[in-house]
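Comments concern the structure below.
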Amino acid sequence: MADEVRYREAGPDARLAGGQLTIDLRALQANYRALSRIAGKAHTAGVVKADAYGLGAEAVVPALVEAGCDTFFVALPTEGIAVREAAPKARIYVLGGLFGREAAEVYAEAALVPVINTREEAAIWEAVGHAGGKPWPCAIHVDTGMNRLGLTMAEARALAEENALTGALRPVLIMSHLACADEREHPQNRLQLEAFRAVRALFSGVPASLANSAGIVLGRDFHFDMVRPGIALYGGSPGGRTGMHPVATTAARIVQIRHAAAGETVSYGATVTLERATIIAVASAGYADGLHRALSGSGVPLRAASAAGGQGFVHGRRVPILGRITMDLTMFDVTELGDGALAVGDTIELFGPNILLDEAAAAAGTISYELLTSMGRRFHRSYVSNDDEA
Ligand SMILES: *Cc1c(COP(=O)(O)O)cnc(C)c1O
(Lines give C-alpha, C1' and ligand atoms only; values in the text may rest on other atoms or scores of the structure.)
Protein backbone atom coordinates (compact mmCIF):
# COMPACT_ATOMS: atom_id res chain seq x y z
CA MET A 1 0.00 0.00 0.00
CA ALA A 2 1.33 3.42 -0.94
CA ASP A 3 0.37 4.94 2.39
CA GLU A 4 2.16 2.55 4.66
CA VAL A 5 5.06 4.25 6.37
CA ARG A 6 8.62 2.98 6.26
CA TYR A 7 11.34 4.10 8.67
CA ARG A 8 15.07 3.98 8.27
CA GLU A 9 17.56 4.81 10.99
CA ALA A 10 21.04 6.28 10.98
CA GLY A 11 23.51 7.76 13.44
CA PRO A 12 23.74 6.79 17.09
CA ASP A 13 21.11 4.61 18.78
CA ALA A 14 17.96 6.63 19.51
CA ARG A 15 18.03 5.66 23.20
CA LEU A 16 21.56 7.02 23.55
CA ALA A 17 21.36 10.19 21.44
CA GLY A 18 20.82 13.68 22.84
CA GLY A 19 18.88 14.84 19.82
CA GLN A 20 16.70 13.43 17.08
CA LEU A 21 16.73 14.51 13.46
CA THR A 22 13.70 13.25 11.58
CA ILE A 23 13.73 13.55 7.82
CA ASP A 24 10.41 13.22 6.06
CA LEU A 25 11.18 11.93 2.59
CA ARG A 26 7.50 12.18 1.63
CA ALA A 27 7.66 15.93 2.27
CA LEU A 28 10.86 16.08 0.22
CA GLN A 29 9.10 14.34 -2.66
CA ALA A 30 6.09 16.63 -2.36
CA ASN A 31 8.44 19.63 -2.55
CA TYR A 32 10.12 18.19 -5.65
CA ARG A 33 6.75 17.75 -7.34
CA ALA A 34 5.58 21.23 -6.34
CA LEU A 35 8.75 22.81 -7.76
CA SER A 36 8.41 20.76 -10.95
CA ARG A 37 4.90 22.10 -11.37
CA ILE A 38 6.12 25.69 -10.97
CA ALA A 39 8.97 25.04 -13.40
CA GLY A 40 6.47 23.86 -15.99
CA LYS A 41 8.26 22.68 -19.13
CA ALA A 42 11.71 23.25 -17.64
CA HIS A 43 13.41 20.14 -16.28
CA THR A 44 13.75 20.06 -12.47
CA ALA A 45 17.12 18.83 -11.20
CA GLY A 46 17.98 18.26 -7.53
CA VAL A 47 20.91 19.96 -5.81
CA VAL A 48 22.30 17.47 -3.28
CA LYS A 49 25.69 18.98 -2.47
CA ALA A 50 27.01 18.86 1.12
CA ASP A 51 25.37 15.46 1.68
CA ALA A 52 22.00 16.77 0.56
CA TYR A 53 22.28 19.90 2.70
CA GLY A 54 23.22 17.75 5.67
CA LEU A 55 20.19 15.47 5.45
CA GLY A 56 21.95 12.43 3.96
CA ALA A 57 22.38 11.96 0.20
CA GLU A 58 22.11 8.20 0.62
CA ALA A 59 18.42 8.51 1.54
CA VAL A 60 17.57 11.79 -0.19
CA VAL A 61 18.83 10.85 -3.65
CA PRO A 62 16.78 7.62 -4.06
CA ALA A 63 13.70 9.45 -2.76
CA LEU A 64 14.16 12.15 -5.38
CA VAL A 65 14.70 9.53 -8.08
CA GLU A 66 11.42 7.93 -6.99
CA ALA A 67 9.74 11.34 -7.35
CA GLY A 68 10.98 11.60 -10.93
CA CYS A 69 14.31 13.41 -10.58
CA ASP A 70 17.00 12.17 -12.97
CA THR A 71 19.58 14.97 -12.73
CA PHE A 72 21.66 15.94 -9.70
CA PHE A 73 24.17 18.63 -8.82
CA VAL A 74 26.92 18.21 -6.23
CA ALA A 75 29.84 20.44 -5.28
CA LEU A 76 32.70 17.94 -5.08
CA PRO A 77 33.79 14.85 -6.98
CA THR A 78 33.62 12.73 -3.80
CA GLU A 79 29.99 13.74 -3.44
CA GLY A 80 29.43 12.80 -7.07
CA ILE A 81 30.79 9.33 -6.47
CA ALA A 82 28.42 8.87 -3.51
CA VAL A 83 25.44 10.05 -5.55
CA ARG A 84 26.43 7.72 -8.39
CA GLU A 85 25.99 4.79 -5.97
CA ALA A 86 22.56 6.00 -4.94
CA ALA A 87 21.43 6.83 -8.49
CA PRO A 88 23.14 4.56 -11.02
CA LYS A 89 21.34 6.02 -14.03
CA ALA A 90 21.20 9.71 -13.16
CA ARG A 91 23.13 12.52 -14.76
CA ILE A 92 25.39 14.01 -12.08
CA TYR A 93 26.97 17.44 -12.46
CA VAL A 94 29.91 18.49 -10.27
CA LEU A 95 29.73 22.24 -9.68
CA GLY A 96 33.09 22.78 -8.02
CA GLY A 97 35.13 22.25 -11.15
CA LEU A 98 37.75 19.75 -12.19
CA PHE A 99 40.41 19.17 -9.57
CA GLY A 100 43.25 18.71 -12.02
CA ARG A 101 44.02 16.03 -14.58
CA GLU A 102 44.12 13.05 -12.21
CA ALA A 103 40.75 13.92 -10.75
CA ALA A 104 39.39 14.29 -14.27
CA GLU A 105 40.02 10.59 -14.85
CA VAL A 106 37.89 9.77 -11.82
CA TYR A 107 35.08 11.93 -13.23
CA ALA A 108 35.16 9.90 -16.39
CA GLU A 109 35.16 6.57 -14.50
CA ALA A 110 32.11 7.50 -12.40
CA ALA A 111 30.45 9.14 -15.40
CA LEU A 112 30.30 12.47 -13.58
CA VAL A 113 29.74 15.54 -15.71
CA PRO A 114 32.15 18.32 -14.75
CA VAL A 115 30.98 21.89 -14.71
CA ILE A 116 33.78 23.70 -16.52
CA ASN A 117 34.59 27.01 -14.84
CA THR A 118 37.88 28.05 -16.43
CA ARG A 119 39.76 27.78 -19.73
CA GLU A 120 42.32 25.54 -17.98
CA GLU A 121 39.59 23.12 -16.98
CA ALA A 122 38.26 23.14 -20.51
CA ALA A 123 41.73 22.19 -21.78
CA ILE A 124 42.06 19.34 -19.26
CA TRP A 125 38.65 17.97 -20.16
CA GLU A 126 39.42 18.20 -23.86
CA ALA A 127 42.48 16.04 -23.19
CA VAL A 128 40.97 13.55 -20.72
CA GLY A 129 37.23 13.59 -21.13
CA HIS A 130 36.55 11.30 -24.00
CA ALA A 131 35.98 7.64 -24.61
CA GLY A 132 36.62 5.93 -27.93
CA GLY A 133 37.22 9.29 -29.57
CA LYS A 134 33.88 10.75 -28.54
CA PRO A 135 34.01 13.64 -26.05
CA TRP A 136 32.32 13.01 -22.70
CA PRO A 137 29.67 15.56 -21.84
CA CYS A 138 30.44 18.62 -19.75
CA ALA A 139 28.59 21.68 -18.55
CA ILE A 140 29.87 25.20 -19.03
CA HIS A 141 29.45 27.73 -16.25
CA VAL A 142 29.56 31.40 -17.12
CA ASP A 143 29.77 34.04 -14.43
CA THR A 144 27.12 36.67 -15.07
CA GLY A 145 27.68 38.78 -11.99
CA MET A 146 28.55 36.79 -8.88
CA ASN A 147 32.34 36.67 -9.19
CA ARG A 148 32.48 33.23 -7.71
CA LEU A 149 32.96 30.48 -10.29
CA GLY A 150 32.66 30.46 -14.05
CA LEU A 151 34.12 31.76 -17.28
CA THR A 152 33.91 35.47 -17.95
CA MET A 153 31.69 36.50 -20.85
CA ALA A 154 34.75 37.08 -23.03
CA GLU A 155 36.18 33.66 -22.18
CA ALA A 156 32.84 32.04 -22.92
CA ARG A 157 32.71 33.74 -26.31
CA ALA A 158 36.23 32.61 -27.19
CA LEU A 159 35.49 29.05 -26.04
CA ALA A 160 32.27 28.92 -28.04
CA GLU A 161 34.07 30.07 -31.21
CA GLU A 162 36.91 27.59 -30.75
CA ASN A 163 34.62 24.74 -29.98
CA ALA A 164 32.51 25.45 -33.02
CA LEU A 165 35.63 24.66 -35.05
CA THR A 166 37.18 21.81 -33.05
CA GLY A 167 34.17 20.14 -31.44
CA ALA A 168 36.59 19.03 -28.69
CA LEU A 169 34.04 19.65 -25.93
CA ARG A 170 30.52 18.32 -25.81
CA PRO A 171 28.59 20.81 -23.67
CA VAL A 172 25.23 19.42 -22.58
CA LEU A 173 24.37 22.34 -20.31
CA ILE A 174 25.21 26.01 -20.21
CA MET A 175 24.65 27.54 -16.81
CA SER A 176 25.05 30.54 -14.56
CA HIS A 177 24.09 31.33 -10.97
CA LEU A 178 22.07 34.22 -9.56
CA ALA A 179 23.60 36.31 -6.79
CA CYS A 180 20.47 38.07 -5.54
CA ALA A 181 17.55 35.80 -6.35
CA ASP A 182 16.39 35.96 -2.72
CA GLU A 183 15.59 39.63 -3.24
CA ARG A 184 12.87 39.71 -5.86
CA GLU A 185 13.24 43.42 -6.65
CA HIS A 186 17.03 43.47 -6.78
CA PRO A 187 18.10 45.03 -10.12
CA GLN A 188 20.91 42.48 -10.46
CA ASN A 189 18.39 39.73 -11.24
CA ARG A 190 17.39 41.40 -14.53
CA LEU A 191 21.01 42.22 -15.39
CA GLN A 192 22.08 38.62 -14.91
CA LEU A 193 19.08 37.44 -16.90
CA GLU A 194 20.05 39.61 -19.88
CA ALA A 195 23.69 38.54 -19.62
CA PHE A 196 22.65 34.91 -19.50
CA ARG A 197 20.50 35.31 -22.61
CA ALA A 198 23.59 36.57 -24.43
CA VAL A 199 25.62 33.60 -23.16
CA ARG A 200 23.00 31.17 -24.25
CA ALA A 201 23.02 32.57 -27.77
CA LEU A 202 26.73 31.66 -28.01
CA PHE A 203 25.96 27.97 -27.49
CA SER A 204 22.98 27.39 -29.69
CA GLY A 205 21.10 24.16 -29.16
CA VAL A 206 22.64 23.55 -25.72
CA PRO A 207 20.13 23.41 -22.84
CA ALA A 208 20.44 26.31 -20.40
CA SER A 209 20.00 26.67 -16.63
CA LEU A 210 20.01 29.76 -14.42
CA ALA A 211 17.59 29.38 -11.50
CA ASN A 212 18.22 28.03 -8.00
CA SER A 213 15.24 27.74 -5.60
CA ALA A 214 14.70 31.48 -5.28
CA GLY A 215 15.27 31.91 -9.02
CA ILE A 216 12.36 29.56 -9.73
CA VAL A 217 10.09 31.85 -7.75
CA LEU A 218 11.26 34.87 -9.81
CA GLY A 219 9.16 33.66 -12.71
CA ARG A 220 9.14 31.89 -16.02
CA ASP A 221 11.78 34.14 -17.62
CA PHE A 222 14.31 32.62 -15.26
CA HIS A 223 13.47 28.96 -15.87
CA PHE A 224 15.10 28.28 -19.25
CA ASP A 225 15.51 24.52 -19.87
CA MET A 226 16.44 23.36 -16.38
CA VAL A 227 16.03 24.63 -12.82
CA ARG A 228 18.36 23.70 -9.94
CA PRO A 229 16.56 23.87 -6.60
CA GLY A 230 18.34 22.94 -3.40
CA ILE A 231 17.02 24.56 -0.23
CA ALA A 232 13.36 24.55 -1.32
CA LEU A 233 13.49 20.76 -1.64
CA TYR A 234 14.53 20.62 2.00
CA GLY A 235 11.75 22.87 3.25
CA GLY A 236 13.44 26.28 3.07
CA SER A 237 11.47 29.38 2.10
CA PRO A 238 13.03 30.65 -1.14
CA GLY A 239 12.84 34.40 -1.45
CA GLY A 240 10.84 34.44 1.79
CA ARG A 241 8.07 32.43 0.15
CA THR A 242 6.73 29.92 2.65
CA GLY A 243 4.63 26.90 1.77
CA MET A 244 7.25 24.24 1.12
CA HIS A 245 6.66 21.19 3.31
CA PRO A 246 8.95 20.99 6.34
CA VAL A 247 11.34 18.10 5.72
CA ALA A 248 13.66 18.12 8.72
CA THR A 249 12.58 18.16 12.34
CA THR A 250 15.10 18.35 15.16
CA ALA A 251 14.23 17.66 18.73
CA ALA A 252 16.41 17.58 21.81
CA ARG A 253 15.96 15.33 24.82
CA ILE A 254 15.27 16.99 28.18
CA VAL A 255 17.88 15.68 30.61
CA GLN A 256 17.05 17.74 33.68
CA ILE A 257 14.26 19.98 34.95
CA ARG A 258 15.24 22.55 37.56
CA HIS A 259 13.50 25.19 39.59
CA ALA A 260 15.38 28.45 40.00
CA ALA A 261 14.50 31.49 42.06
CA ALA A 262 14.13 35.09 40.93
CA GLY A 263 17.52 36.81 40.92
CA GLU A 264 19.50 33.72 39.91
CA THR A 265 21.37 33.65 36.61
CA VAL A 266 21.56 31.05 33.85
CA SER A 267 24.44 29.63 31.76
CA TYR A 268 27.91 30.95 30.88
CA GLY A 269 28.56 34.61 31.45
CA ALA A 270 25.45 34.87 33.64
CA THR A 271 23.93 36.93 30.86
CA VAL A 272 20.36 36.42 32.00
CA THR A 273 19.03 37.16 35.47
CA LEU A 274 15.68 35.52 36.22
CA GLU A 275 12.89 37.94 37.01
CA ARG A 276 10.61 35.32 38.52
CA ALA A 277 10.72 31.81 39.92
CA THR A 278 11.49 29.82 36.78
CA ILE A 279 11.20 26.23 35.64
CA ILE A 280 14.15 25.40 33.41
CA ALA A 281 14.33 22.46 31.03
CA VAL A 282 17.91 21.50 30.19
CA ALA A 283 18.03 19.93 26.73
CA SER A 284 20.77 17.74 25.35
CA ALA A 285 21.83 19.70 22.25
CA GLY A 286 24.22 22.59 21.80
CA TYR A 287 26.31 24.38 19.20
CA ALA A 288 28.15 22.35 16.60
CA ASP A 289 31.46 22.95 14.83
CA GLY A 290 31.46 25.06 11.72
CA LEU A 291 32.87 28.04 10.00
CA HIS A 292 30.39 30.48 11.37
CA ARG A 293 28.73 33.01 9.22
CA ALA A 294 29.92 35.71 11.57
CA LEU A 295 33.27 35.35 9.74
CA SER A 296 31.95 36.78 6.46
CA GLY A 297 34.01 39.65 5.03
CA SER A 298 31.04 41.99 4.93
CA GLY A 299 27.36 42.18 4.27
CA VAL A 300 25.91 39.74 6.76
CA PRO A 301 23.36 41.55 8.91
CA LEU A 302 24.01 39.54 12.05
CA ARG A 303 22.68 42.30 14.21
CA ALA A 304 19.28 41.66 12.66
CA ALA A 305 19.16 38.37 14.56
CA SER A 306 16.20 38.18 16.90
CA ALA A 307 17.28 40.00 20.06
CA ALA A 308 15.40 37.56 22.26
CA GLY A 309 17.11 34.53 20.69
CA GLY A 310 15.59 31.26 19.58
CA GLN A 311 12.69 29.22 20.83
CA GLY A 312 11.77 25.60 21.22
CA PHE A 313 8.38 23.96 20.93
CA VAL A 314 7.06 21.45 23.44
CA HIS A 315 3.59 20.24 24.45
CA GLY A 316 1.89 22.68 22.12
CA ARG A 317 3.78 25.75 23.27
CA ARG A 318 6.75 27.86 22.32
CA VAL A 319 9.41 28.11 25.00
CA PRO A 320 12.29 30.64 24.87
CA ILE A 321 15.97 29.71 25.11
CA LEU A 322 17.46 31.02 28.36
CA GLY A 323 20.97 32.48 28.26
CA ARG A 324 23.84 31.18 26.21
CA ILE A 325 23.68 27.91 24.31
CA THR A 326 26.59 25.72 25.39
CA MET A 327 28.44 23.03 23.46
CA ASP A 328 26.22 20.14 24.52
CA LEU A 329 23.27 21.66 26.37
CA THR A 330 20.64 24.38 25.98
CA MET A 331 18.32 25.75 28.63
CA PHE A 332 14.66 26.61 27.99
CA ASP A 333 12.23 28.60 30.12
CA VAL A 334 9.27 26.24 30.52
CA THR A 335 7.61 28.06 33.42
CA GLU A 336 4.47 28.75 31.38
CA LEU A 337 3.81 25.02 31.01
CA GLY A 338 3.39 24.71 34.76
CA ASP A 339 4.88 22.42 37.34
CA GLY A 340 5.00 18.75 36.43
CA ALA A 341 4.03 19.28 32.79
CA LEU A 342 7.36 18.09 31.47
CA ALA A 343 9.44 15.10 32.38
CA VAL A 344 13.02 14.12 31.82
CA GLY A 345 13.07 12.20 28.52
CA ASP A 346 10.51 14.46 26.80
CA THR A 347 11.79 16.21 23.70
CA ILE A 348 11.75 19.85 22.61
CA GLU A 349 11.46 20.70 18.92
CA LEU A 350 14.19 23.08 17.72
CA PHE A 351 12.79 23.42 14.23
CA GLY A 352 10.29 21.48 12.18
CA PRO A 353 6.54 21.78 11.61
CA ASN A 354 6.00 24.20 14.51
CA ILE A 355 9.08 26.39 14.22
CA LEU A 356 9.98 26.80 10.56
CA LEU A 357 13.56 26.25 9.54
CA ASP A 358 13.87 29.82 8.26
CA GLU A 359 12.52 31.24 11.48
CA ALA A 360 14.98 29.26 13.59
CA ALA A 361 17.82 30.31 11.28
CA ALA A 362 16.83 33.97 11.48
CA ALA A 363 16.76 33.80 15.27
CA ALA A 364 20.31 32.44 15.09
CA GLY A 365 21.42 35.31 12.85
CA THR A 366 21.99 32.94 9.98
CA ILE A 367 20.23 31.30 7.04
CA SER A 368 18.40 28.00 6.64
CA TYR A 369 21.26 26.60 4.54
CA GLU A 370 23.81 27.04 7.30
CA LEU A 371 21.52 25.71 10.00
CA LEU A 372 20.73 22.53 8.04
CA THR A 373 24.28 21.80 6.96
CA SER A 374 25.57 22.14 10.51
CA MET A 375 23.12 19.66 12.05
CA GLY A 376 25.21 17.46 14.27
CA ARG A 377 26.35 13.96 13.52
CA ARG A 378 25.53 13.21 17.16
CA PHE A 379 21.81 13.28 16.42
CA HIS A 380 19.95 10.06 15.88
CA ARG A 381 18.43 10.20 12.42
CA SER A 382 15.27 8.64 11.21
CA TYR A 383 13.90 8.77 7.70
CA VAL A 384 10.20 8.49 7.05
CA SER A 385 8.95 7.41 3.65
CA ASN A 386 6.08 5.67 1.95
CA ASP A 387 6.35 1.97 1.62
CA ASP A 388 5.33 1.25 -1.92
CA GLU A 389 7.09 -2.08 -2.11
CA ALA A 390 4.27 -4.04 -0.48
C1 LIG B 1 23.81 25.57 -4.27
C2 LIG B 1 23.51 25.90 -5.67
C3 LIG B 1 22.21 25.78 -6.18
C4 LIG B 1 21.01 25.50 -5.29
O5 LIG B 1 20.70 26.69 -4.60
P6 LIG B 1 19.45 26.83 -3.62
O7 LIG B 1 19.45 28.27 -3.27
O8 LIG B 1 19.72 25.94 -2.47
O9 LIG B 1 18.24 26.41 -4.38
C10 LIG B 1 22.01 25.97 -7.52
N11 LIG B 1 23.05 26.29 -8.33
C12 LIG B 1 24.31 26.44 -7.88
C13 LIG B 1 25.40 26.80 -8.82
C14 LIG B 1 24.58 26.26 -6.53
O15 LIG B 1 25.83 26.43 -6.08
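The values are calculated or read from the model by the stated rules, or taken from the named source; none is laboratory data. These figures come from a predicted structure and were not determined experimentally. Methodologically, a virtual Cβ is constructed for each residue, glycine included, from the backbone with ideal geometry; neighbour enumeration extends over all protein chains shown. What goes into the accessible areas is simple: the full protein's heavy atoms, side chains included, and nothing from ligands, DNA or RNA. Shrake-Rupley method; radii C 1.70, N 1.55, O 1.52, S 1.80 Å.
Please report, in Å, the Rg and the Dmax of region 331-376, where both are computed over Cα atoms only.
That works out to 13.2, 37 Å for Rg and Dmax.
Each residue of region 51-56 in turn: what ³J(HN,Hα) in whole Hz from Karplus with 6.51, -1.76, 1.60 and θ = phi - 60°, glycine and Pro shown as x?
6, 6, 6, x, 8, x
Percent of accessible area on region 33-140 owned by carbon and sulfur, 1.4 Å probe?
Numbers: 2530 of 4470 Å².
In region 33-140, the share of accessible area belonging to carbon and sulfur is 57 percent.
If Lys and Arg each add +1 and Asp and Glu each add -1, what is the summed charge of the other residues whose beta carbon sits under 12 Å from the beta carbon of residue 68?
On the way: positive: 33, 37; negative: 66, 70.
Around residue 68, the charge tally is 0.
Would you mind counting up the charge near residue 275? Only other residues with Cβ under 11 Å from its Cβ, with Lys and Arg at +1 and Asp and Glu at -1.
Details: positive: 276; negative: 264, 333.
My count for the surroundings of residue 275 gives -1.
Give me the net charge for the shell around residue 224: Cβ to Cβ below 12 angstrom, other residues only, Lys and Arg +1, Asp and Glu -1.
Values: positive: 41, 197, 200, 220, 228; negative: 221, 225.
Summing Lys and Arg as +1 and Asp and Glu as -1 gives +3.
Please report the antiparallel percentage of DSSP beta bridges with both residues in the chain, rounded to the nearest 5.
Numbers: 35 of 62 bridges.
If we restrict to bridges inside the chain, about 55 percent are antiparallel.
Can you give me the relative contact order of region 248-386 as a percent, contacts being Cα pairs under 8 Å and 6 or more apart? Before the final figure, lay out each step's value.
Working: 247 pairs, mean separation 42.8, N = 139.
Rounded, it is 31 percent for region 248-386.
Cα centroid distance between region 85-112 and region 182-204, in Å?
28 Å
What accessible area, in Å² to the nearest ten, does a 1.4 Å probe give for residue 318?
100 Å²
Kindly report the accessible area of the chain per residue (heavy atoms of protein chains, probe 1.4 Å, no ligands, DNA or RNA), in Å².
47 Å²
Can you tell me, using C-alpha contacts under 8 Å and at least 6 residues apart, the relative contact order of the chain as a whole percent? Write down the numbers at each step before the final one.
Numbers: 807 pairs, mean separation 89.3, N = 390.
Relative contact order for the chain comes out at 23 percent.
Per DSSP H run of n ≥ 4, the term is -39500 (n - 2.57); total these for the chain, divide by its residue number, and report the mean residue ellipticity at 222 nm rounded to 500 deg cm²/dmol.
Details: 11 runs with 108 residues, N = 390.
The helix-only estimate for the chain comes to -8000 deg cm²/dmol at 222 nm.
Kindly provide log₁₀ I(q)/I(0) values, in the same order as q = 0.06, 0.11, 0.13 Å⁻¹, from the Debye equation applied to equal alpha-carbon scatterers of the chain.
-0.28, -0.84, -1.09
Roughly speaking, to the nearest percent, how much of region 248-386's 1.4 Å accessible area is carbon and sulfur? Please list the in-between numbers first.
On the way: 3880 of 7180 Å².
Solvent-exposed carbon and sulfur of region 248-386 make up 54 percent of the total.
How big is the equivalent ellipsoid of region 25-237 along its three axes, where each semi-axis is √(5λ) from the Cα gyration tensor, reported in whole Å from largest to smallest? Let's see the in-between values first.
Numbers: eigenvalues 132, 100, 37 Å².
Whole-Å semi-axes of the equivalent ellipsoid: 26, 22, 14.
Running Debye on region 248-386 with equal point scatterers at the Cα sites and no solvent, what base-10 log of I(q)/I(0) appears at q = 0.13, 0.19 Å⁻¹?
Computed log10 I(q)/I(0) values: -0.58, -1.20.
Ordering 23, 81 from largest to smallest accessible area (1.4 angstrom probe), what's the sequence? Show your work: numbers first, answer last.
Numbers: 23 0, 81 65 Å².
Largest to smallest exposure gives the sequence 81, 23.
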